[in-house]
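Below is one structure, written out as structure tokens; the observations come after it.
None of the figures in this text is laboratory data; all of them are computed from the coordinates on show. Every value quoted in this text rests on a predicted model; they were computed, and no experiment measured them. Ideal geometry is used to build each Cβ from the backbone, glycine not excepted, and the neighbour counts take in all protein chains shown.
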Amino acid sequence: MILLALSVITGCTSRPGSPASGKLQITTTVGMIRDIVEQVGGDHVKATGLMGPGIDPHLYKASQGDIQKLENADIIFYGGLHLEGKMTEIFEKMDQRKPVVAVTRDIPEKDLRTTEEGAHDPHVWFDVQHWITATETIRETLIEEDPDHKEDYERNAKAYIAKLEELDQYAREQIATIPKERRVLVTAHDAFGYFGDAYAIEVRGLQGLSTASEYGSRDISELRDYLVDKGIKAVFVESSVPKRSIEAVVRGAKEKGHHMEIGGELFSDAMGEPGTEAGTYMGMVRHNVDTIVRALK
Ligand code: ZN
């Protein structure tokens, strides 16, 4: 009875370092961040991701249930760089009560892609080296909040980073097998800039860095003309963005007598269903690389 009572009491006053369940409660935005937290945190964390498969973080608005999950968390991890453009105020508010950490915090500014308007591209996870930096940021935060398990966090992070290094190498080698003149990646929104820089493939998106940006018939016809000129054979749809814009480009090319295919579905801003290949960060990158290589090679 005493034990039970104690666990109820501590359950109400759960705080980092002495969580009632024995686990740090962590809430993240996109699944790719939840995945790192689970890899590094192991048995010491319980991670909850707000945004599941197919969910677009640029347009995402927190529900009442999400606010509860953010309230309940010991630590909140998010992408930052305006990825979760409609949640900024909530993060600012929560930041007064608990660690609210942008996992892109420690990526040097010189390594960030910047638009003409001065905005930073938030899609850093597509350069695996940047995601290694994010993994280190998460490791450091977990150690600060739960120093008792420092060694475990360090060991887990080291093992995960070793796998990420292999993944980085895999992506570079695979993309290099596509003949140079065909190495053009066209998607609905501009999510693959870091991927293009890191793995040497030209990237074009119909919409800008955010799916909230507008596009018109002129953007579609410009992209179509570019693809017809270059003789590009395939373009790609994204799991978290409606397919109609890319389908319009394919149709437009066809009217100009150029046959182009949808080369497959890429996972840009959300991972796949749990248990599927793209249900982890590493699986998602691998799926994208394999899909791109198969369609363009
Ligand atoms: Zn995006």
Original post:
Karplus couplings for region 240-252 from phi (6.51 cos²θ - 1.76 cosθ + 1.60, θ = phi - 60°), rounded to Hz, Gly and Pro as x?
Top reply: 10, 10, x, 7, 4, 5, 5, 4, 5, 5, 4, 4, x
Subject >> Straight-distance crosslink candidates among aspartates and glutamates, where the alpha carbon sits under 12 Å from residue 180 and sequence neighbours closer than 8 are dropped >> reply: 202
Original post:
Which links in 86/110; 243/297; 230/256; 46/98 stretch past 18 Å when you go from one Cα to the other?
Top reply: 86/110; 243/297
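Specify the longest stretch of the chain that does not include any exposed loop site, a site being one of the GluC sites (Glu not before Pro) with a non-H, G, I, E, B DSSP assignment and at most 11 other Cβ atoms within 10 Å.
Result, exposed sites excluded: 1-115.
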Subject >> Of all DSSP beta bridges in the chain, antiparallel share, percent nearest 5 >> reply: 5
Subject >> Choice from 127, 111, 269 with maximal GNM fluctuation in the chain (Cα, 10 Å cutoff) >> reply: 111
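Would you kindly state how much longer the chain becomes between residue 197 and residue 217 on full extension, computed as 0.36 nm times their sequence separation minus their alpha carbon distance, in nm to one decimal?
Length gained, residue 197 through residue 217: 4.4 nm.
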Original post:
Residue farthest toward the positive end of the dipole of the chain, with Cβ of Lys/Arg at +1 and Asp/Glu at -1: which of 133, 102, 276?
Top reply: 276
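Can you compute the charge dipole magnitude of region 75-212 about its Cα centre, using +1 on each Lys and Arg Cβ and -1 on each Asp and Glu Cβ, nothing else charged? Give it in debye, rounded to the nearest 20.
That gives region 75-212 a dipole magnitude of about 440 debye.
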**OP:** Work out from phi, with θ = phi - 60° and the Karplus expression 6.51 cos²θ - 1.76 cosθ + 1.60, the ³J(HN,Hα) of each residue of region 121-133, listed in order in whole Hz, and give x for Gly and Pro.
**Re:** 6, x, 7, 5, 5, 8, 9, 4, 4, 5, 6, 5, 4
Original post:
Using the Cα gyration tensor of region 170-275, with a ≥ b ≥ c the square roots of its eigenvalues, what is the shape: rounded (a/c below 1.5), prolate (a/b larger than b/c) or oblate (neither)?
Top reply: oblate
Subject >> Among 242, 228, 259 - extreme Cα towards positive end, dipole of region 220-260, charges at beta-carbon >> reply: 259
Subject >> Translational D in µm²/s for the chain (Stokes-Einstein at 20 °C, 1.002 mPa s, Kirkwood Rh from C-alpha pairs) >> reply: 105
Original post:
What is the list of residues in region 199-227 whose amide nitrogen lies under 14 Å from a point 7 angstrom out from the Cα of residue 115, following Cα to Cβ?
Top reply: 205-216
**OP:** Give the long-range amide H neighbours of residue 203: residues separated by 5 or more places, or on another chain, with amide H under 5 Å away, using H modelled in the peptide plane at 1.01 Å from N.
**Re:** 185
**OP:** Assign unit charges at the C-beta atoms only (+1 for Lys and Arg, -1 for Asp and Glu), then state the dipole size of the chain relative to its Cα centre in Debye, rounded to the nearest 20.
**Re:** 740
Original post:
Along region 34-51, what does the Karplus equation 6.51 cos²θ - 1.76 cosθ + 1.60 (θ = phi - 60°) give for ³J(HN,Hα), rounded to whole Hz, x for Gly and Pro?
Top reply: 4, 4, 4, 4, 5, 5, 7, x, x, 6, 8, 10, 10, 9, 10, x, 7, 10
**OP:** Evaluate E = 1/(1 + (r/R0)^6) for residue 182 and residue 136, where r is the Cβ-Cβ distance and R0 equals 35 Å; express this FRET efficiency to the nearest 0.05.
**Re:** 0.50
Original post:
Using the Cα gyration tensor of region 150-228, with a ≥ b ≥ c the square roots of its eigenvalues, what is the shape: rounded (a/c below 1.5), prolate (a/b larger than b/c) or oblate (neither)?
Top reply: oblate
